[in-house]
Amino acid sequence: MVVSLVHLKSRDRHALWFRVAGAVIGAAVFVAAFATSGWESPSVIATFILVTVGGAIAYYLLTSIVRCPSCGVRLTNFRIESDDEKRKTFACGRCGSVAFLCEGFYWQSDVAG
């Protein structure tokens, strides 16, 4: 049985834009806090932590849970891949297809070291 790899390009683009938007929002909150001496306000600190930590967790889940492109079953891969890997793969036990993401892998490998 020959297994073909299916690149989830749409999910990769979505993950990239999610990461870019999160970086812009985080930077905007950071700059606004310094411009207004907002670091003294607990709500500004909570917002910054929420954007930073919550965004990272949401991004990790976005790149760890996908749908099988062939049969639609939910696939998960919560592992942080090694630096030698070029993609994060999701093997379907139901139909045998293998999907992969590239965007999520690069972010996770940067964090892992």
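The values are calculated or read from the model by the stated rules, or taken from the named source; none is laboratory data. All of these numbers come straight from a predicted model, not from anything done at the bench. Cβ atoms come from the backbone with ideal geometry, glycine included; neighbour counts cover every protein chain shown.
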Looking at VAL31, VAL6, can you tell me which residue is surrounded by 13 or more Cβ atoms within 10 Å (Cβ to Cβ), β-branched (Val, Ile, Thr) and at negative phi? VAL6
Of the numbered conditions (1) among the hydrophobic types (A, V, I, L, M, F, W, C); (2) surrounded by 14 or more Cβ atoms within 10 Å (Cβ to Cβ); (3) touching a residue at least 40 places away in the same chain (Cβ under 8 Å), LEU75 satisfies every one except a single condition; which is it? (3)
Do we have any residue at all in segment 19-28 that's free of Cβ contacts under 8 Å to residues at least 24 places away in the same chain, part of a helix (DSSP H, G or I) and either surrounded by 12 or more Cβ atoms within 10 Å (Cβ to Cβ) or touching a Phe, Trp or Tyr at 6+ places or on another chain (Cβ under 7 Å) (or both)? yes
Scanning segment 1-18 for residues that are within 14 Å of CYS68 (Cα to Cα) and out of contact with any helix residue (DSSP H, G or I) (no Cβ under 8 Å at 6 or more places or on another chain), the one modelled with the lowest pLDDT turns out to be VAL3
Looking at (1) modelled with pLDDT of 85 or more; (2) among the aliphatic types (A, V, I, L, M); (3) surrounded by 13 or more Cβ atoms within 10 Å (Cβ to Cβ), which is the only condition ALA58 fails? (3)
